[in-house]
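Shown next, in structure tokens, is the structure this report addresses.
The values are calculated or read from the model by the stated rules, or taken from the named source; none is laboratory data. Remember, it's a predicted structure, so these values are computed and weren't measured experimentally. Here the Cβ is made from the backbone with ideal geometry for all residues, glycine too, and neighbour counts use every protein chain on show.
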Amino acid sequence: MRAGWLSTFSVVSSASKGWAVVLAVATLLSCACERAWAQPVTNAFTYQGRLQDGGSPANGSYDLRFRLLTALTGGSQVGVTLCRDNVAVANGLFTVELDFGAQFAGDQRFLEVGVRADSTIGNCAAGSYTILSPRQPLTVSPYAAYSLRAANGSALDAADGNPVNALVVDNNGNVGINTTGSIFQKLTVENGGITVTSGPGLNRVISSVDANGNGQLSISDHTGSLKVSMGPINSDPNLGGKVLVHNAAGTIQAGMDVNSLGQGIVFADMKNFRVPNPADPNTEIWYACIEGPEAAAYVRGTARLAEGRAVVKFPEHFAALINAATLTVQLTPRAAESEGLAVVDRRESGFTVQELRGGRGDYEFDWRAEAVRKGHEDYEVIRAKLVGQ
């Protein structure tokens with residue numbers, strides 16, 4: 001939008017001497033919108049009029065004096081008195097720039113104009129002027145500065161008047177949209193959402209509140225395909241939150257949520273860990289996790305028989321996690337002469353190994369113990385399809 005007329009009006013102000021001025025007001029508020037936010041908004045505006053002298057368009061040099069008042073008649077002056085010396089008037093037309101300071105805070109203002117023919121330079125402030133009547137109400141143009149500046153605690157109603165205070169700016173510069181309470185962040189939206197687009201109808205980021213009052217966030221790519229969504233779990237918001245990652249078709253492929261037991265769950269088609277490759281700094285090593293139909297933990301190690309018998313103690317951290325009733329142990333002898341090994345006792349704290357056939361060997365063996373984690377005994381392998389698949 002280019003700078004131009006925001007408001008014009010034509011009223012003939014006259015005086016006994018026969019002068020009359022047809023007034024029009026325009027704004028110099030940096031109204032080129034591409035610059036409005038890059039530069040501070042000033043209180044200056046352009047005043048343009050058509051001066052008549054004895055019923056004919058005036059020509060020559062005139063001194064003009066301007067005062068800003070609070071009423072059409074009487075009232076009090078606000079701001080400074082402005083004098084414009086030797087204003088050139090051609091075919092009755094003149095233009096001056098006025099700046100009364102920050103006097104446009106939403107209240108009605110009226111402009112008083114005084115005029116005299118004069119060509120002397122530098123005497124504008126002295127002498128008498130013919131005051132034109134009536135004063136001119138300033139309605140729209142200077143108030144654009146007030147709208148853009150958004151004075152502390154200012155509010156704007158919706159275009160149709162409902163709701164009132166649809167847009168609020170507080171003393172800290174925080175903006176509230178449709179807010180009825182405090183504004184907590186730089187932008188607060190009450191009972192609504194925020195949509196970021198890349199063009200008309202091309203929604204890319206949507207932050208909203210659903211019918212149950214739950215916050216939701218969705219992010220799409222340049223094609224409009226949903227890529228990330230997050231918020232409370234739809235089936236029961238009391239369970240916790242969820243973060244879902246979608247593939248190119250918008251199907252859920254990975255995510256995190258909280259189940260009905262309050263346990264955090266991470267899921268994906270494949271789970272990996274990655275580390276730098278010490279043999280090649282240009283590559284990485286990626287290992288995939290072993291999968292299974294239970295939520296299990298394992299621990300392993302090496303122990304030694306003494307006269308065909310050994311007692312193995314689990315680390316405390318492993319013992320604290322497992323359900324001992326689900327414990328299994330695998331044994332691998334490290335001696336060819338072994339008669340074989342058996343687990344003759346197992347419990348939460350560890351297990352006991354004995355050589356078969358009454359053997360009394362004295363050699364090392366490797367072991368691996370696995371068990372289901374406490375609280376995860378009812379792990380569901382078959383589940384309902386996720387919403388969005």
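Within region 88-107, the set of residues being of a type in the set (S, T, N, Q) and over 22 Å from PRO137 (Cβ atoms) comprises ASN91 only. Entry remark, region 302-323: residues being over 11 Å from VAL353 (Cα atoms) and either touching a Pro at 6+ places or on another chain (Cβ under 9 Å) or surrounded by 14 or more Cβ atoms within 10 Å (Cβ to Cβ) (or both) number 6 in total.
Can you tell me which residues in region 262-291 are charged (D, E, K, R) and either within 14 Å of PHE351 (Cα to Cα) or outside any strand (DSSP E or B) (or both)?
ASP269, LYS271, ASP280, GLU291
Go through region 82-117 and give me each residue that's basic (Lys, Arg) and either in a loop (DSSP other than H, G, I, E, B) or within 48 Å of the chain's Cα centre (by Cα) (or both).
ARG84, ARG109
Just one of the numbered conditions (1) of a type in the set (Asp, Glu); (2) in contact with a helix residue (DSSP H, G or I) (Cβ under 9 Å, 6 or more places away or on another chain); (3) surrounded by fewer than 16 Cβ atoms within 10 Å (Cβ to Cβ) is not true of GLU364: (2).
Here GLU294 meets the list (1) in a strand (DSSP E or B); (2) closer than 30 Å to ARG347 by Cα; (3) acidic (Asp, Glu) almost entirely, failing just condition (1).
I'd like the residue in region 271-292 that is of a type in the set (A, V, I, L, M, F, W, C) and exposed (fewer than 10 other Cβ atoms within 10 Å of the Cβ) and, out of all such residues, is farthest from TYR379 (Cα to Cα). Checked region 271-292; the qualifying residue farthest from TYR379 (Cα to Cα) is ALA279.
Please tell me if LEU217 is under 13 Å from the mean Cα position of the chain (by Cα), under 18 Å from LEU244 (Cβ atoms) and surrounded by 12 or more Cβ atoms within 10 Å (Cβ to Cβ). Give the steps one after another, and end with the answer.
Details: under 13 Å from the mean Cα position of the chain (by Cα): yes; under 18 Å from LEU244 (Cβ atoms): yes; surrounded by 12 or more Cβ atoms within 10 Å (Cβ to Cβ): yes.
Spelling it out, LEU217 is indeed under 13 Å from the mean Cα position of the chain (by Cα), under 18 Å from LEU244 (Cβ atoms) and surrounded by 12 or more Cβ atoms within 10 Å (Cβ to Cβ).
Which of the residues that make up region 270-325 are of a type in the set (Gly, Ala, Ser), out of contact with any helix residue (DSSP H, G or I) (no Cβ under 9 Å at 6 or more places or on another chain) and within 30 Å of TYR363 (Cα to Cα)? Those that are of a type in the set (Gly, Ala, Ser), out of contact with any helix residue (DSSP H, G or I) (no Cβ under 9 Å at 6 or more places or on another chain) and within 30 Å of TYR363 (Cα to Cα): GLY301, ALA303, ALA306, ALA310, ALA319, ALA320, ALA324, ALA325.
VAL113 falls short of the stated requirement of being at pLDDT 80 or above and closer than 30 Å to SER182 by Cβ.
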